[in-house]
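Could you have a look at this structure, given as structure tokens, before my questions?
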Amino acid sequence: MAMTYTELQTNVKDITEMTFTDAQLSMFTKQVEQRIYGIIKDLPILRTTFSETFTASSGTVLPADCLYVHSVIQQSSGTIVNRKALVQKDLDFLLEAYPLSTQTTDTADPEVKYYALDGSDTTNYSASRMVLRLAPRWAKSVTIQVEYQYQPRSIVDTDGDEEQPWLGTNYDTALLNGVLVEAAKFMKAEPDMVQMYEQQFVLGLQQLQNTVDVRLKSDSYRPIGQPPKPIPMQQPTPEQQG
């Protein structure tokens, strides 16, 4: 069952019987979203791609919402499009193996073999800090497709009839209980209350982990080799136990 941010705010206030400011609920929610995306790795729904035709070999700044790169693929020109995956290398390897500014052969469809990630010197701190470098370098244009994990939009930033983020639409249980954990800590609730919310949060995460590890990575012909590992629950500290 999908949950909007307005419904999430109402549920947290009703369950805890407390009134929170909008800023507090926003902080709780964004912290939980970051925690979920940090625990559940490589969620396929959070992958996206962008393509760019390079006319120079100096590299390009990756999109601002890019967290890390999954793959880089070269697309050949012509009526039949061939796709070739590039091999990731350290930036020092590219500089040592291919020091020339351009490739010696001036072909219409040059072959690129490697890619590396470099830092950006841009002064725009809201932009991506990663630059994609390719080798061997070339003189003609080449089309590159990058698949990357992106920074998802927070449910806090949705409004009106705008489409809700995937997490709130499909796994609102994990989101709600995670916010309740943060709210309980903020209220300095009893340790057993915090632990109860934490247990429900972990159960919601386990359902999401099962979807990622089993349902999204296998089908009836190719079952997954190993079951998903249980997610450990955070234990209360001696101070919390009293």
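Kindly check whether there is at least one residue in region 100-114 that is at pLDDT 80 or above, in contact with a Gly (Cβ under 8 Å, 6 or more places away or on another chain) and closer than 30 Å to K41 by Cβ.
Within region 100-114, none of the residues are at pLDDT 80 or above, in contact with a Gly (Cβ under 8 Å, 6 or more places away or on another chain) and closer than 30 Å to K41 by Cβ.
Among the residues of region 183-198 satisfying the criterion of being open to solvent by 90 Å² or more (accessible area, probe 1.4 Å) and not basic (K, R), which is nearest to Q9 (Cα to Cα)?
F186
Determine, yes or no, whether S76 is over 15 Å from A135 (Cβ atoms), in contact with a Ser or Thr (Cβ under 9 Å, 6 or more places away or on another chain) and at pLDDT below 80.
Against the criterion (over 15 Å from A135 (Cβ atoms), in contact with a Ser or Thr (Cβ under 9 Å, 6 or more places away or on another chain) and at pLDDT below 80), S76 qualifies.
Can you tell me which residue is modelled with the lowest pLDDT among those in region 160-181 that are among the charged types (D, E, K, R) and over 11 Å from F201 (Cα atoms)? Lay out the reasoning, then the answer.
Kept after step one, since they are among the charged types (D, E, K, R), are these residues of region 160-181: 161-163, 172.
Subset that is over 11 Å from F201 (Cα atoms): 161-163.
On the way: D161: 59, E162: 62, E163: 66.
Taking the candidates together, the pick is D161.
Kindly indicate whether E147 is at pLDDT 85 or above, charged (D, E, K, R), over 30 Å from D22 (Cβ atoms) and assigned to a helix (DSSP H, G or I).
Working: at pLDDT 85 or above: yes; charged (D, E, K, R): yes; over 30 Å from D22 (Cβ atoms): yes; assigned to a helix (DSSP H, G or I): no.
So E147 fails the test.
Which residue out of F20, F50 is surrounded by 13 or more Cβ atoms within 10 Å (Cβ to Cβ), out of contact with any strand residue (DSSP E or B) (no Cβ under 9 Å at 6 or more places or on another chain) and touching a residue at least 40 places away in the same chain (Cβ under 8 Å)? Show your work before the answer.
On the way: F50 fails: out of contact with any strand residue (DSSP E or B) (no Cβ under 9 Å at 6 or more places or on another chain).
Every option except F20 fails the conditions.
The values are calculated or read from the model by the stated rules, or taken from the named source; none is laboratory data. All values reported here derive from a predicted model rather than from experimental measurement. Glycine also receives a Cβ, built like all others from the backbone with ideal geometry; neighbour counts cover every protein chain displayed. Calculation scope for accessible area: heavy atoms of the full protein, side chains included, ligands and nucleic acids excluded. Shrake-Rupley method; radii C 1.70, N 1.55, O 1.52, S 1.80 Å.
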